[in-house]
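The values are calculated or read from the model by the stated rules, or taken from the named source; none is laboratory data. Just so we're clear, the structure is a prediction, and the values are computed from it rather than from any experiment. Neighbour counts run over all protein chains shown; Cβ positions are idealised from the backbone, glycine included.
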Amino acid sequence: MKKTAKIAFIFALMITLAGCGTAKVDLGTIATVDGEKVPQALFEYSLMDVQESLKDEEKAPEDWEKGKIDGQNATEYAKEKAQEKVKEIYAIRAWAKKNGVTITSEDNKKIDEEIAALKKDIGGQAKFEEALAEAGINEAVWKEVRLNAMYEENAKKKYVDGLTEKQKKDYYLNEMKLAKHVLIKTKEEDGTKYSESKIAENKAKALLVLKKAKSGADFDKLIQEYSEDPGSKSIKEGYLVGRFSNMVKPFLDSTFSLKYGEVSPELVESEYGFHIIKVYKTLEDKFKENAYAKTGYSDVDNNMWGSEKERIVKEAKINLEQKKYDEVTIKK
């Protein structure tokens, strides 16, 4: 998909601020989620976002109508992923309204200020409208995207504010883990990948560390001697990890597949390199410093909201306007 600098600017901001949008300006309803209407514009923009992500992952076929992704027709695969995106967004919006969350005048003022700032940055009203039109959106779509983001922000606050200390402590002790790891990198700090020979050399080193760890070597000493992650050396008790922590998926998956005291049976490979992971139980005496943040949300808050979101979305019901849904196509 070709985009001018202006379109890229709008596109990046839309994704950053809310994660979905539209490929054409159509505010008609394409679905409902727990009674909340999903504008066709938002669904189609979400589909375009999925399409771009699949291209980045090198999964996108040349022919979307005939190609396949994971054994499924590529177009239907992408549309199902877009459906998942809008289901999450509007399920949270429905939950928010059900639980008394509202969009305040201050929220609306903030949205208006964001739009005004964006117009100024892009060069005025005319250029703003031109960029939006080229990207296939309009100001109404932009506001809908920001409203959805506001609903989630306010819903999270409502949920977290209602948590008791006992609920937080139970979650911290039973749903979160401490993970220590040795990282052997496969790329430079600037993201440049090492040469194949360097990666092979580092993999051999990582396998040696893994063998030592599985043989019962002192894991803390292995971290100090081999790990290339400064945090793993300075955070003595290990990283506090929940299923919704902001960590790479291979690290999370491995952490929650291990029992306390276990070492990952194989190397765990992520975009950063090779990990050797050992898991521990959370420390009760560290509960309060992990459960209560001086500003914003704590790791416990974020993970508890992640779990609640998962529940909300799983229980939500999406009803498609089937004819409209069937007519949506991939934008080449």
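Out of everything in the stretch 200-245 that is polar (S, T, N, Q) and closer than 16 Å to Tyr272 by Cα, what residue ends up being surrounded by the fewest Cβ atoms within 10 Å (Cβ to Cβ)?
Asn202
Of a type in the set (Asp, Glu) and either part of a loop (DSSP other than H, G, I, E, B) or under 23 Å from the mean Cα position of the chain (by Cα) (or both): which single residue out of Glu88, Glu106 fits that description?
From the options Glu88, Glu106, the qualifying one is Glu88.
Which number in (1) surrounded by 19 or more Cβ atoms within 10 Å (Cβ to Cβ); (2) farther than 25 Å from Lys288 by Cβ; (3) of a type in the set (Ser, Thr, Tyr) marks the one condition that Ser197 misses?
Result: Ser197 fails condition (1) only.
For the stretch 133-152, how many residues are charged (D, E, K, R) and either touching an Asp or Glu at 6+ places or on another chain (Cβ under 6 Å) or not in a helix (DSSP H, G or I) (or both)?
Of the residues in that region, 0 qualify.
Please work out which residue is surrounded by the most Cβ atoms within 10 Å (Cβ to Cβ), limiting yourself to the stretch 143-161 and to residues that are of a type outside the set (Lys, Arg) and touching a Leu at 6+ places or on another chain (Cβ under 7 Å).
From the stretch 143-161, those of a type outside the set (Lys, Arg) are 144-145, 147-155, 159-161; that's our starting set.
Retained after the next criterion (residues that are touching a Leu at 6+ places or on another chain (Cβ under 7 Å)): 144-145, 149.
Working: Glu144: 22, Val145: 26, Ala149: 18.
Among those residues, the one meeting the criterion is Val145.
Scan the stretch 275-284 and tell me whether some residue there is closer than 17 Å to Lys177 by Cα, touching a Leu at 6+ places or on another chain (Cβ under 8 Å) and in a loop (DSSP other than H, G, I, E, B).
Yes, because at least one residue in the stretch 275-284 is closer than 17 Å to Lys177 by Cα, touching a Leu at 6+ places or on another chain (Cβ under 8 Å) and in a loop (DSSP other than H, G, I, E, B).
When the stretch 122-133 is examined, which residues are found to be in contact with a helix residue (DSSP H, G or I) (Cβ under 8 Å, 6 or more places away or on another chain) and loosely packed, with under 15 Cβ neighbours inside 10 Å?
Gln125, Lys127, Glu129
Taking Tyr297, is it among the aromatic types (Phe, Trp, Tyr), more than 25 Å from Glu88 (Cβ to Cβ), in contact (Cβ under 8 Å) with a residue 12 or more places away in the chain and outside the structural domain of Lys37 (by TED's automatic domain parsing)?
Criteria not met by Tyr297.
It is to be established whether one or more residues within the stretch 51-61 are within 15 Å of Asn148 (Cβ to Cβ) and among the charged types (D, E, K, R).
No - not one qualifying residue is present in the stretch 51-61.
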